[in-house]
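The structure appears below as structure tokens.
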Amino acid sequence: MSFLKWSKWVSLHKIYVTKNAALTPPVKPGVYKIKCVKNGEDVLIQRANDIADEILYIGETKGTLKERISDFWKAANENSNDIKTTHSAGNTYVLFNFKLKFPLKCLKVKWAITNNSKAVEKKMLNKYKQKTFDLPPFNIKLERLW
């Protein structure tokens, strides 16, 4: 969305494994996107409209981006038999074994601060669906079995 001021793409691995504080997401509400980069190239996913796109997830939080993106990281690192963290995209990542195609070390995130995160996320998802005829792979909504 052109009216949002987006951060640069940041490695989730650098934020949470090397613990680079300078890269930590802000303690503000907003929207965020996740993609995978291997060997310096975006990993593209063929979508329903025969368009290849790199976005794996579009999310939002009315809380803090720092906490919500951390929730994704924690959930994505859990064992599928012992999921405790509640983040739908992180849980989807684990349950569908997306790590085989999109290793955690390759995931990058970028964010934009907004107080209207739910409406902005909805617009972003609708724009994505209009372009690809599909949703990003991690945006699957699943009923909890646990």
- Within the range 91-104, is there a residue that is more than 16 Å from ASP53 (Cβ to Cβ), surrounded by 15 or more Cβ atoms within 10 Å (Cβ to Cβ), among the β-branched types (Val, Ile, Thr) and at pLDDT 95 or above? no
- Message: So, in the range 25-48, how many residues would count as being over 15 Å from PRO137 (Cβ atoms), outside any strand (DSSP E or B) and not small (Gly, Ala, Ser)?
- Response: 6
- Task: State all residues of the range 29-57 that are touching an Asp or Glu at 6+ places or on another chain (Cβ under 6 Å) and buried (at least 20 other Cβ atoms within 10 Å of the Cβ); if no residue qualifies, say none.
- Result: VAL31, LYS35
- Item | Index of the failed condition, LYS110 passing every other in (1) assigned to a helix (DSSP H, G or I); (2) at pLDDT 95 or above | (1)
- Task: Scan (1) at pLDDT below 95; (2) under 15 Å from LYS108 (Cα atoms); (3) touching a helix residue (DSSP H, G or I) at 6+ places or on another chain (Cβ under 9 Å) for the single condition ASN49 breaks and write down its number.
- Result: (2)
- Query: Would it be correct to say that LEU56 is in a strand (DSSP E or B) and of a type outside the set (D, E, K, R)?
  - Reply: yes
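The values are calculated or read from the model by the stated rules, or taken from the named source; none is laboratory data. The model shown is predicted, which means the values in this text are computed figures rather than measured ones. Don't worry about glycine lacking a Cβ; one is built from the backbone with ideal geometry, like all the others, and counts go over all protein chains shown.
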